[in-house]
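Throughout, read-outs are computed from the coordinates displayed, never taken from laboratory work. Just so it is clear, the structure is predicted and the values come from calculations on it, not from any experiment. Cβ placement follows ideal geometry from the backbone for every residue including glycine, while neighbour counts extend to all protein chains displayed.
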Amino acid sequence: MTFKQNIIDALTIAYPKTLTFENLARALMVDQAHVVQAVNELQQKNFPISAQGNVIHLAYPLLSVPAISKLLDTDFIGKPVQLHARLDSTNTYAKANLSDLKNGDVILAHEQTAGKGRLGRNWTSPAGASISMSLVLKPASPFERLSLLTQLTAAALIKALNDWGDVKIKWPNDIILNSRKIAGILIETEFSGSSLEGIIIGIGINTNVDQENIPQELQSKATSLKEGTNREIDPNTLVASFLTFFEKYYVDFLNSQRPAPFLSVCREQSILIGKNYWIIDTDRKRKAYIKTIDSTGGLVVTYLDTNKTEVITSTDLSIRGDDHYV
Ligand code: BTN
């Protein structure tokens, strides 16, 4: 991918301006036929590159490490960012290569062929139209509550996405725009015996996916940022902004052990709090009034059948409205 990625980098940096095949060939020090062939191959993979005569441009910026690095305001998160053309899953890749990865390293892919969602579900990540990202953490001591890390991640995502609209969180890890899911979080941990080798925070965002390319069975539940805002999205701004917010919340939390700054974002932007929902476990379904998110990151609910208030910490469950997703 390196050569094709060089073309993507050049077009992304030039965006919204056009480049000529000639300019590109000269900048990359190859002959023009090489560039034409690589652009053709990228177009066949659905990367949004238009070519008219000798002039080419992108419909919207594509993932590019130089573009992200320019915008990143962090000390260690995203230093470095690795970008792959195609992986089975960025989480699986991070797990398999964990011993070579450092605290804060980020793995990105233009496309995933076996993306993983929560509860053993699949996650679709179309080439050039979505963000698949895994962030590796190697904390000095194990994180006492992973539920807090999910909420920290969700808050950083909400802050980064706020520029594009009124984005909500559906506890524990769904990010919602216009009542449909646009992003999800999957956190995995890797132990060697009893010692924590690393935490992998997987984030999938539907940035520029067209509604017709969303799997049929998800049409009523899922959308993309582009569909929700009618704007094409620059994934590099979004990734850099997320990583910058993430580091601020994370460092602040490690120093203070106070989750309030990010939990208040999750409470304010919660789509569930103050309403009734079905809590669906493997073996039962109960309706509950959703009260708040407590200081451990758990969901505080009052079950309508018993009127008892409980804190849900397990994320192995689904939350649904009467006949709708949110
Ligand atoms: C969910 O909402 O079910 C979680 C989706 C998480 C998807 C991301 S995409 C990047 C990372 N790699 C994966 O295989 N999954 C996560």
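Using the Cβ of ILE271 as centre and a radius below 9 Å, the other residues enclosed give a net charge of +2, where K and R count +1 and D and E count -1.
To the nearest 10 degrees, how steeply does helix 146-161 sit against the main Cα axis of the chain, on a 0 to 90 scale? The helix 146-161 is inclined about 50 degrees to the chain. In order along region 123-133, the Karplus-derived 3J(HN,Hα) couplings, from 6.51 cos²θ - 1.76 cosθ + 1.60 at θ = phi - 60°, round to 10, 8, 10, x, 4, x, 10, 8, 10, 10, 9 Hz, and Gly and Pro are given as x. A viscosity of 0.890 mPa s and a temperature of 25 °C, combined with the Kirkwood radius over C-alpha pairs in the Stokes-Einstein formula, give region 1-151 a diffusion coefficient of 144 µm²/s. Shape analysis of region 93-155 based on the Cα gyration tensor places the equivalent ellipsoid semi-axes at 23, 16, 11 Å, largest first.
Once backbone amide H atoms are built at 1.01 Å from N, ILE56 has LEU19, THR20, PHE21 as its partners under 5 Å, excluding neighbours fewer than 5 places away on the same chain.
Quick check on region 2-58: take the gyration tensor over C-alpha atoms, sort the square-rooted eigenvalues as a ≥ b ≥ c, and tell me if it's rounded (a/c under 1.5), prolate or oblate. Write down the numbers at each step before the final one.
Working: a/c = 1.24, a/b = 1.08, b/c = 1.14.
Judged from the Cα gyration tensor, region 2-58 comes out rounded (a/c under 1.5).
Taking the average, over residues, of other Cβ atoms within 10 Å as the packing measure, peptides 188-199, 41-52 rank 41-52, 188-199 from highest down.
Grab the DSSP H runs of the chain that are 4 residues or longer, score each as -39,500 (n - 2.57), total them, divide by all residues and round the 222 nm result to the nearest 500 deg cm²/dmol.
Helices in the chain give a 222 nm mean residue ellipticity of -9500 deg cm²/dmol.
Quick one: helix 235-256 against the long Cα principal axis of the chain, what's the angle to the nearest 10°, folded into 0 to 90? Value to nearest ten degrees: 40.
Backbone amide hydrogens, once placed in the peptide plane, bring SER130 within less than 5 Å of THR207, ASN208, excluding anything fewer than 5 places away on its chain. Seen through its C-alpha gyration tensor, with square-root eigenvalues sorted a ≥ b ≥ c, region 273-326 comes out rounded because a/c lies under 1.5. Centre-to-centre, using Cα atoms only, region 276-326 and region 136-202 are separated by 19 Å. How far is helix 32-44 tilted off the main Cα axis of the chain, in degrees rounded to 10, range 0 to 90? Tilt relative to the chain: about 30 degrees.
Rounded, prolate or oblate: which fits region 203-326, taking a ≥ b ≥ c as square roots of the Cα gyration tensor eigenvalues, rounded meaning a/c under 1.5, else prolate when a/b beats b/c? Can you show the working numbers first?
Details: a/c = 2.57, a/b = 1.17, b/c = 2.21.
It is oblate, given that a/c is not under 1.5 and a/b is not larger than b/c.
What value in Å³ per residue do you get for the convex hull of the alpha-carbon atoms in the chain? If you can, show how the numbers build up before the last one.
On the way: hull volume 45.2 nm³, N = 326.
About 139 Å³ per residue, rounded to a whole number.
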